[in-house]
Structures are given as C-alpha cells and as structure tokens.
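Here's the structure, in structure tokens; my notes come after.
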Amino acid sequence: MQEVRLNKFLAEAGVCSRREADRLIAAGQVTVDGKRAETGMKVLPTQEIRVGKKTVQKVEKRILLIVNKPVGIVCTEEKREKNNIIKFLNYPSRITYAGRLDKDSEGLLLMTNDGDIINKMMRAGNRHEKEYIVTVDKPVTAAFLRAMSEGVKILDTVTRPCKTEQLSKYRFRIILTQGLNRQIRRMCEALGFEVKKLQRIRVMNLTLGELKPGAYREVTAEEEAELMKLLADSKNETVIDEAAIREREQIQRMLRQQQRGKYGR
C-alpha cells in the first residue's frame with residue numbers, strides 16, 4: 001500500500017481541489033489519526049482522515065474487466081493454487097471474479113473491485129442471464145434440448161426452466177438464470193451426454209465477442225451504464241436459495257462419505 005500526499009488524497013476523495021486542501025490543512029481543519037495534519041504530509045488510505053468532523057474515505061475507481069478465461073485456470077483466490085485466476089491475470093489493482101467458471105470451462109469471466117456489483121449479479125433470486133455454447137459427445141436431439149429446457153433433476157433439485165437452441169450436430173446454446181455447481185455438465189450427464197467443451201459467451205448484457213483466450217478488456221462506458229441499469233432493481237441482501245442450500249448439503253454429504261471411505265471409517 002503506497003503513501004500519497006494528503007492534499008492529493010482529499011482531492012481524489014472528492015472533498016476539494018489540492019489547493020483548497022492545502023488551505024484547509026494550514027487552517028487546522030484536517031486531522032490524521034486524531035492529530036492535526038501538516039502541509040505536505042503523506043498518508044495511507046487506512047488512516048483515519050477527517051475534515052472538520054467528517055471522516056473522509058477515498059473513492060476507489062470502479063474496475064470492470066471482461067476476461068476470456070482459458071481452460072485450466074481456476075477461479076479461486078487460494079494462493080497455493082498455481083493456476084488461480086488472480087495470479088494468471090496479474091492485474092495491478094485488487095479485483096476478484098463475479099461468478100465462477102470451473103477449471104475445464106472457458107469464456108467470459110467478469111472481474112471487478114466492486115463488491116456490490118458481485119452481490120447483485122450472483123444472488124440467485126435476481127435471475128440474471130448467462131449464456132453458454134456447449135459441445136457434447138453425441139448428436140443433439142430435440143428430446144434432449146426439450147428436457148434441458150424444462151428442467152433436469154440434479155443434486156436433489158430440479159433446475160429452473162431455461163432456453164436452448166441447437167447450433168450444429170454436436171453443439172447447442174443454453175441460457176441459464178441460476179448457477180448450481182457444474183450445472184450444465186451435471187444436466188447433460190443426467191441425460192446421458194458428456195460435455196466436451198463449455199464456453200460462456202454472455203453474462204447479462206456483457207458479451208465475449210472476439211476476445212482471445214487469456215486476454216481481457218475493460219467494460220465500455222456504454223456497457224457499464226446498461227449493466228448498472230439492469231442491476232438497479234436487483235436485490236443486494238442475502239437471498240435464501242433453497243436449491244443452493246440443498247446443493248451445498250449434498251456436496252458436504254458426498255465429501256464426508258469420501259473421507260470415511262478414504263480413512264476406513
């Protein structure tokens with residue numbers, strides 16, 4: 001974390017200009033950690049900075065990146081995972097992902113420093129669209145697409161109805177409004193199909209376009225404005241998703257069974 005001049009900090013926080021900040025500092029109107037500030041001093045964002053009786057917090061610029069995650073990269077912040085997405089991107093500012101893609105999947109991953117956006121996008125009750133192109137091991141049939149679109153029983157629940165469209169003999173498009181663990185792979189497996197390739201091409205209004213694997217780009221001002229409009233009515237508080245709870249419980253039971261088998265208990 002880097003120190004910055006106090007007048008610059010106040011200016012970037014939207015309090016006033018640097019010149020006016022210097023005046024306030026000289027007049028004794030600014031304190032740092034309870035002590036009177038001095039002209040020219042440097043501060044850290046973690047320090048308590050007040051102008052009069054008001055605490056000042058630096059406004060961090062929102063970062064929104066569209067990443068084309070390659071196969072093999074893991075959506076985790078676990079430092080011991082050498083192929084984690086944070087290390088892979090090596091972005092200079094602190095960002096994280098909004099919605100995972102599993103290690104074997106590829107495509108659009110939104111990375112941001114805005115926790116509010118992440119919460120609104122990921123809450124199950126908000127039902128935001130995510131679009132995928134899927135390649136399977138057998139010819140796609142009308143019956144298969146119909147079953148996928150009507151809902152498939154996986155993880156002790158039935159998936160929400162969704163949109164599907166055949167693209168070629170082995171490829172189809174699917175648009176989901178939920179995100180159960182490895183959902184598309186589990187749905188296909190339940191119907192006797194194996195996923196060979198899974199690519200996410202859209203999240204809400206954000207599209208992958210021609211972005212190459214491993215590359216990223218900033219969300220445009222127009223895309224950001226549309227995204228914020230779509231999120232305006234989204235819930236940010238915790239939403240109780242019974243299916244997600246059942247999914248977690250199922251996974252926990254499976255893990256416990258595996259552990260018992262591993263250690264002979």
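Out of all the residues in the stretch 86-109, is one or more touching an Asp or Glu at 6+ places or on another chain (Cβ under 6 Å) and either at pLDDT 95 or above or not basic (Lys, Arg) (or both)?
yes
Would you tally the residues in the stretch 103-130 being surrounded by 17 or more Cβ atoms within 10 Å (Cβ to Cβ), over 22 Å from residue 164 (Cβ atoms) and touching a residue at least 60 places away in the same chain (Cβ under 8 Å)?
The number of residues fulfilling the criteria is 8.
Would you check if there is a residue in the stretch 76-91 being surrounded by fewer than 16 Cβ atoms within 10 Å (Cβ to Cβ), in contact with a helix residue (DSSP H, G or I) (Cβ under 6 Å, 6 or more places away or on another chain) and in a loop (DSSP other than H, G, I, E, B)?
Within the stretch 76-91, one or more residues are surrounded by fewer than 16 Cβ atoms within 10 Å (Cβ to Cβ), in contact with a helix residue (DSSP H, G or I) (Cβ under 6 Å, 6 or more places away or on another chain) and in a loop (DSSP other than H, G, I, E, B).
Yes or no, residue by residue, for (1) at pLDDT below 95; (2) out of contact with any helix residue (DSSP H, G or I) (no Cβ under 7 Å at 6 or more places or on another chain); (3) among the aliphatic types (A, V, I, L, M):
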| position | (1), (2), (3) |
| --- | --- |
| 7 | yes, no, no |
| 11 | yes, no, yes |
| 14 | yes, yes, no |
| 17 | yes, no, no |
| 23 | yes, yes, no |
| 34 | yes, yes, no |
| 39 | yes, no, no |
| 44 | yes, yes, yes |
| 47 | yes, yes, no |
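State all residues of the stretch 1-40 that are in a helix (DSSP H, G or I) and closer than 11 Å to residue 51 by Cα; if no residue qualifies, say none.
Of everything in the stretch 1-40, those that are in a helix (DSSP H, G or I) and closer than 11 Å to residue 51 by Cα turn out to be 10, 21, 24, 25.
State which residue is surrounded by the most Cβ atoms within 10 Å (Cβ to Cβ) when the search covers only the stretch 186-211 and only residues that are farther than 12 Å from residue 107 by Cβ and in contact (Cβ under 8 Å) with a residue 40 or more places away in the chain.
Filtering the stretch 186-211 for residues that are farther than 12 Å from residue 107 by Cβ and in contact (Cβ under 8 Å) with a residue 40 or more places away in the chain, the one surrounded by the most Cβ atoms within 10 Å (Cβ to Cβ) comes out as 188.
Could you grab me the full set of residues in the stretch 131-159 that are without any contact (Cβ under 8 Å) to a residue 60 or more places away in the chain and surrounded by 15 or more Cβ atoms within 10 Å (Cβ to Cβ)?
140, 144, 145, 147, 148, 149, 152, 154, 159
I need the full set of residues from the stretch 114-163 which are closer than 16 Å to residue 203 by Cα, outside any helix (DSSP H, G or I) and of a type outside the set (D, E, K, R), in order please.
Selection gives 128, 132, 133, 134, 162.
Kindly indicate the residue of the stretch 13-50 that is among the small types (Gly, Ala, Ser) and in contact with a Ser or Thr (Cβ under 8 Å, 6 or more places away or on another chain) and also nearest to residue 3 (Cα to Cα) among those meeting that condition.
That would be 37.
Among the numbered conditions (1) touching a residue at least 24 places away in the same chain (Cβ under 8 Å); (2) touching a helix residue (DSSP H, G or I) at 6+ places or on another chain (Cβ under 9 Å); (3) surrounded by 15 or more Cβ atoms within 10 Å (Cβ to Cβ); (4) of a type outside the set (A, V, I, L, M, F, W, C), tell me where residue 68 comes up short.
(2)
Of all residues being under 34 Å from the mean Cα position of the chain (by Cα) and within 11 Å of residue 56 (Cβ to Cβ) in the stretch 12-45, which is surrounded by the fewest Cβ atoms within 10 Å (Cβ to Cβ)? Just the residue, please.
14
The values are calculated or read from the model by the stated rules, or taken from the named source; none is laboratory data. Everything numeric in this text was worked out from a predicted model, so none of it was measured. In this analysis, Cβ positions are derived from the backbone assuming ideal geometry, glycine residues included, and neighbour counts consider all displayed protein chains.
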